[in-house]
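The values are calculated or read from the model by the stated rules, or taken from the named source; none is laboratory data. As the structure is a computational prediction, the values presented were derived from the model and not from experiment. Glycine gets a Cβ as well: all are built from the backbone with ideal geometry, and neighbour counts include every protein chain shown.
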Amino acid sequence: MHELDHYIYPHRVLHWLVAVAVLLSLASGLTLGFLGYEGTLDLLGNALTNLLYTSHKTLGVAILLLMTLRIITRLAFVVPDHEPPLNAFERVVSTSVHHLLYAGLVAMPLVGWAATATGGFPVEFFHWHLPGLLGKNEALSQTLFVWHERLGWVLVALITLHVAGALFHWRIKRDNVMKRMSLFD
Ligand code: HEM
Ligand code: HEM
C-alpha cells in the first residue's frame, strides 16, 4: 500500500460506510416523506412501516457516530498530496463541497433527532431508545421536520456534484483523485 497517495485506511473505510448509509437514509427518508405516516401504513402495513422508521433513525444515528470518527481520522492524520496538483477552480469547488458535506452530515442527524424527540416520538438506535434530550413541543417539531426535508434536498444536490466530480476525475481526467479514496488499489 502506498500510504502517501491514499487517505489512511480507516478514513477510506469510513468514507464508503457513510456513503452507503447516507444513500439508504435518503432513500428511506424520502419514502417516508413522500408517503407520510398514513400513506406508508396503507402501502406497507404496520410491521414494515415501523421497520422503515426504525431503520431510518438507526441509520441516521449511525451516520452521526461514523462522522464523529471520520472527523477525527481526517484531522489527526496526514492528507495525501494531489499528484498532479488540482487547479484553483477544482480546489475551491471540491473543498467547499467537502466542507458542506461534513457540516450537512452532522446537522442532518441532529435535526432529525431533535424533530423526533420534540414530536414526542422515540429516538431509536436498533432496539434501544436513546434519550430524546428535548421536551415535547409540536410547533418546534414541525419546523425541525421542514428543515430536515430542506437539508435532505441540499444533501442530494451536494452528493450529485460530488459524485459527478469523482467520475470526472476518474474517467475523464484520469488523475489520482479516485485512488486517494479507493479501498482496493
Ligand atoms: C444523515 C442522516 C439523515 C438523513 C440523510 C435523513 C434524511 C431524511 C429525509 C430526506 C427525509 C424526508 C423528509 C420529507 O420529505 O419530509 C427524512 C424523514 C424523516 N427522518 Fe431523517 N434523515 C437522517 C437522520 C435522521 C435521524 C437521526 C432521525 C431520528 C432519530 C430521523 C428521523 C426522521 C423521521 C421521523 C422522518 C419522517 C418525517 C415525516 O414523516 O415526514 N432522520 N429523513
Ligand atoms: C454518497 C455519499 C458520499 C458522501 C457523503 C461523500 C463524502 C465525501 C467527503 C466529505 C470527502 C472529503 C474527503 C474527506 O473525507 O476528508 C470525500 C472524498 C472523496 N469521495 Fe466521497 N462521498 C460520497 C460518495 C462518493 C462516491 C459515490 C464516490 C465515487 C464515485 C466518491 C468519491 C470520493 C473521492 C474520490 C474522494 C477523494 C477526493 C479528494 O481527496 O480530493 N464519494 N467524499
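Here are the numbers for this structure:
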item	result
Residues of the range 149-180 classified as of a type in the set (Phe, Trp, Tyr) and within 14 Å of ligand 1 (Cβ to nearest atom), total	1
Every pair of residues 6+ apart whose Cβ atoms lie under 9 Å, when the first sits in the range 91-109 and is farther than 9 Å from residue 158 by Cβ while the second is surrounded by 16 or more Cβ atoms within 10 Å (Cβ to Cβ) and modelled with pLDDT under 95	91/82
Qualifying positions in the range 53-94 - part of a helix (DSSP H, G or I) and among the β-branched types (Val, Ile, Thr)	54, 58, 61, 63, 68, 71, 72, 73, 92, 93
Long-range neighbours under 7 Å by Cβ, at least six apart or interchain, first residue touching a residue at least 24 places away in the same chain (Cβ under 8 Å) within the range 47-66, second among the β-branched types (Val, Ile, Thr) and within 6 Å of ligand 1 (Cβ to nearest atom)	57/116; 57/123; 63/22
Enumeration of residues in the range 118-136 that are closer than 17 Å to residue 63 by Cβ and within 11 Å of ligand 1 (Cβ to nearest atom)	123, 124, 125, 130
Pick from the range 130-165, criterion farther than 20 Å from residue 25 by Cβ and among the aliphatic types (A, V, I, L, M), ranking: surrounded by the fewest Cβ atoms within 10 Å (Cβ to Cβ)	139
Members of the range 81-109 found to be within 9 Å of ligand 2 (Cβ to nearest atom) and either within 24 Å of residue 63 (Cα to Cα) or touching a His at 6+ places or on another chain (Cβ under 6 Å) (or both), listed by number	94, 95, 97, 98, 99, 100, 101, 102, 104, 105
